[in-house]
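S.K.: Quick one: structure below, then a few questions.
Every number here is computed from the coordinates shown, using simple stated rules; none is lab data. It should be emphasised that the depicted structure is a prediction, and the values quoted were computed from it without experimental measurement. Glycine also receives a Cβ, built like all others from the backbone with ideal geometry; neighbour counts cover every protein chain displayed.
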Amino acid sequence: MLWIPVAVGAGVALYFALPVEPPLWPALLIAGIGCATGYRLRSSGPALLLASAISLIAIGVAVAQLRTASVTAPMLTDEIGPVRVTGRILGAEPLPTGRRLLLDELIIEGVAPESTPSRVRLRVTRIDPGILPGDRVQLLAKLAPPSPPMAPGAYDFQRDAFFQQVGGIGFALGAATRIGEGAEGGLRRRLELSVERLRLAMGERIRAALPGRDGPVAAALIVGTQTGIDPQVMDAMRDSGLAHLLSISGVHIGFVAAIIFGIVRGGLSLVPPVALRYPIKKWAAAVALLGTFFYMILAGSPVPTQRAFLMTGLVMLAVLVDRVAITLRLVAWAALVILLIRPEAVIGPSFQMSFAAVAALVAAYEGSRAWRANRRSELGWFGRALLYLSGLVLTSVIAGLATAPFALYHFNRFADYSVVANMLAVPLTGVVVMPTAVVAVALMPLGLESWPLAAMGWGVEGIILIAETVAGWPGSVMLLPAMPVTALAVAVLGGVWLLLWRGRWRYIGLLPLLLGMASTIFVRSPDILVSGDADLVAVRSADGGLAVNSARGGLEAEIWLRRAGDAERDPWPAAGEPGAGGRLVCDALGCLYRAEGHLVALAWKAEALQEDCYEADLVISLEPVNWFCSSAAQVIDRFDLWREGGHAVWLDPDGARVVAVHETRGRRPWVVQRRKMD
């Protein structure tokens, strides 16, 4: 059972790694043949295992294909606007100024109905507080396709938007005007809108009761909206290793289930006729199950929350049927359910880090259950307190090590003091923050939530102070270059081998796990990066730093620096002055970059090409190149950047290697194919 979700997940990952969209029938055929062969060979061990593995991998591919087909919807291919947009509010998230609206039932001026996206996401700075999810609004907006990766191998927002059926993003010019109510839709749609209205109303009441930086964090812990959190607070939470507390997952669901279970069982035990005659433990488990389901719906049902609810639900069901609750089989069932429902989650950090941490913790505590039970029975209250403290430290260490490969791959960082931060913040979350949050939600219908929210605010402020203190320690964050996806696959294989097998041979998994993580030492970042819109260029300095041609750069420059393992950018030289450690010289028309025996021309203006095309080994032009460059082995111009997205260049003594963003993505349904420029 433990290997079933691993095989299905491998099939899903294989599907997303393919360069083109495959037909569905091969996966279904292979799955059918594998199942039939496995049935015929059910008495043969190795052959049965092989047939089962092939069949499960094929099922993973097929499930992912079916999911892709079910969510396929039009996406914008170019920027448009200002245009008049009419749609129904499906969701609303608070921003420091205004809201971020998710609209469906769209009518976009100048866009044919068959090309209109199912949903768009817009930032609106001015909106009437009376406008709620379900209302139909009209506004003037600028729209664009969801952003592709900002470097080869970087996070693919466009793919995530595709699976959310978001075909356009943008911002409103002016206010959103309510023009009526949207179509009713079915029961499910009405329930979704009711939940969104409830989330929005609860979030506003939480932020009103806790003005300042505590309110948005408290709202994130209750209703799952992180958009209003102060950026400095978010950075401190990331750098201290406490960012997981802002994403409603196992910690929060577990605390809520324990609090509800304890309150119900403790309350019923105070009534002797009930406690002596009825299974109050099972009643408490049933109520806790309903409570955590409501919490999952209230949080918006993200992947970590779904996983946590599934596991907690199975724990409560185990209580109802008198079985051992927490085992690796429980983790496997939860993973399999999510893989079948939302297979795209397997390539995201939420799924990977959540299940890695939980599987490692369950495996560790399963192996030490008997020892801990014996020790607890022999110790007094002081010894039990020390045992609890050591368990807390061990939990943080195990979870940190289990999620380290994914943190390095997705975020290129490792919080060095996360164990200390979690030792302080997690007990505060369990003792103060989550109990008061449960009480606040229970009292909110009566309008009595102010005092429990005030107590929750004290706990939240304590967590923020812990995060800021730990993040401010020297060397709190270790930045490393982006890990290759093959290295992550090797590390995952080692981790799975280590966790799921029994016996000493399981420790063979440590070798690929360590090799995969150590690969970051040998990663060489690109020498040159160019953005897809041709506005941003970065080059590698002689000392290994990254110089960016714009002081702004925004998110794209931040991602480039992070993937290179750099905390700060090197300065771009002024005209006529050397930069990048003597490698770069610029003038008003462009720059010349020398490295590894190559001369690369960065042409800002078309006039620079008259000279560059006869001297440079590689020409990167932010203008179209309409003539032959005799000296250049390769030319990257505005047309290439438009069609293929951003480019990365590695310079070696024997030549230059160029990789474009779309080259690494292939031709898949979520890849927007740009039209040719005139």
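S.K.: Mind checking the angle between helix 485-500 and the chain's longest principal axis? C-alpha axes, 0 to 90 degrees, to the nearest 10.
M.R.: 20 degrees
S.K.: Find the centroid of the Cα atoms in the range 189-238 and in the range 543-616, then give the distance between the two in whole Å.
M.R.: 41 Å
S.K.: Check residue 550: other-chain or 5+ apart residues with amide H under 5 Å from its amide H, H built from backbone geometry?
M.R.: Under 5 Å from the amide H of residue 550: 537.
S.K.: Of [x] 30.1, 112; [y] 30.0, 97; [z] 27.4, 96, which one was derived for Rg and Dmax of the Cα atoms in Å from the structure shown?
M.R.: Correct label is [z].
S.K.: Moving on. How high is the relative contact order of the chain, in percent, counting Cα pairs under 8 Å that sit 6 or more residues apart?
M.R.: Values: 1212 pairs, mean separation 77.8, N = 678.
Relative contact order, the chain: 11 percent.
S.K.: Roughly how big is the range 528-665's charge dipole about its Cα centre, with Cβ charges of +1 (Lys, Arg) and -1 (Asp, Glu), in debye to the nearest 20?
M.R.: On the way: 12 positive and 23 negative charges, 64 e Å.
Result for the range 528-665 is approximately 300 debye, rounded to the nearest 20.
S.K.: Putting +1 on Lys and Arg Cβ atoms and -1 on Asp and Glu Cβ atoms, find which of 536, 550, 525 reaches farthest to the positive end of the dipole of the range 517-558.
M.R.: So the residue we want is 525.
S.K.: Would you mind computing, in nm to one decimal, how far apart the modelled labels at residue 615 and residue 181 are, each placed 7 Å from Cα along Cα→Cβ?
M.R.: 7.1 nm
S.K.: Given axes a ≥ b ≥ c from the Cα gyration tensor, I'd like to know whether the range 528-665 is rounded (a/c under 1.5), prolate (a/b larger than b/c) or oblate.
M.R.: Working: a/c = 1.41, a/b = 1.18, b/c = 1.20.
In terms of gyration-tensor shape, rounded.
S.K.: Once you put a point 7 Å from the Cα of residue 524 and another 7 Å from the Cα of residue 173, both along the Cβ direction, what distance in nm separates them?
M.R.: In this crude label model, residue 524 to residue 173 measures out at 4.7 nm.
S.K.: Based on Cβ point charges of +1 for Lys and Arg and -1 for Asp and Glu, what charge dipole magnitude is obtained for the chain about its Cα centre, in debye rounded to the nearest 20?
M.R.: Working: 59 positive and 54 negative charges, 734 e Å.
My answer is approximately 3520 debye.
S.K.: How would 199, 277 line up from fewest to most surrounding beta-carbon atoms within 10 angstrom?
M.R.: On the way: 199 23, 277 8.
If I rank by nearby Cβ atoms, fewest first, I get 277, 199.
S.K.: In nm, to one decimal, how far is the residue 323 label point from the residue 107 one, both placed 7 Å along Cα→Cβ?
M.R.: Result: 5.4 nm between the two label points.
S.K.: For the chain, build the charge dipole from Cβ charges (+1 Lys, Arg; -1 Asp, Glu) around the Cα centre, then report which of 653, 146, 87 sits farthest towards its positive end.
M.R.: Looking along the dipole axis, the top candidate is 87.
S.K.: Continuing with the same structure: Go through the cysteines of the chain and tell me which have no other cysteine Cβ under 4.7 Å away.
M.R.: Cys with no partner Cβ under 4.7 Å: 35.
S.K.: Continuing with this model, one more query. What list of ³J(HN,Hα) values in whole Hz, one per residue of the range 113-127 in order, does the Karplus curve 6.51 cos²θ - 1.76 cosθ + 1.60 (θ = phi - 60°) give from phi, with Gly and Pro shown as x?
M.R.: x, 6, 9, 7, x, 5, 9, 9, 10, 10, 8, 10, 8, 10, 8
S.K.: Can you tell me the 0 to 90 degree angle between the C-alpha axis of helix 554-564 and the longest principal axis of the chain, rounded to 10?
M.R.: The angle comes out near 80 degrees.
S.K.: Ranking request for peptides 148-157, 623-632, 530-539: highest mean number of other beta-carbon atoms within 10 Å first, then the rest in descending order. Write out the running numbers ahead of the final one.
M.R.: Working: 148-157: 20.4, 623-632: 14.4, 530-539: 22.3.
Per-residue mean Cβ counts within 10 Å order the peptides as 530-539, 148-157, 623-632.
S.K.: If R₀ is 60 angstrom, what is the calculated FRET efficiency for the pair residue 71 and residue 627, using the beta carbon separation as r and rounding to 0.05?
M.R.: Working: r = 45 Å, r/R0 = 0.74.
The value I calculate is 0.85.
S.K.: OK, next. What ³J(HN,Hα) values, in whole Hz, does the Karplus curve 6.51 cos²θ - 1.76 cosθ + 1.60 give for the range 234-250 when θ = phi - 60°, with x put for Gly and Pro?
M.R.: Per-residue couplings from phi come out as 4, 4, 5, 5, 5, 5, 8, x, 10, 4, 5, 5, 7, 9, 5, 9, x Hz.
S.K.: So what is the calculated 222 nm ellipticity per residue for the chain, using -39500 (n - 2.57) for each DSSP H run with n of 4 or more, over all residues, to the nearest 500 deg cm²/dmol?
M.R.: Working: 24 runs with 339 residues, N = 678.
The per-residue figure over the chain is -16000 deg cm²/dmol.
S.K.: Next up: Once phi is turned into θ = phi - 60°, what whole-Hz ³J(HN,Hα) does the Karplus curve with 6.51, -1.76 and 1.60 give for every residue of the range 139-148, x standing for Gly and Pro?
M.R.: Once θ is set to phi - 60°, the couplings for the range 139-148 become 7, 9, 9, 9, 10, 8, x, x, 5, x Hz.
S.K.: Can you sort 242, 28 from fewest to most other Cβ atoms within 10 Å of each residue's own Cβ? Please report the intermediate quantities before stating the final value.
M.R.: Details: 242 24, 28 16.
Fewest to most other Cβ atoms nearby, the residues stand as 28, 242.
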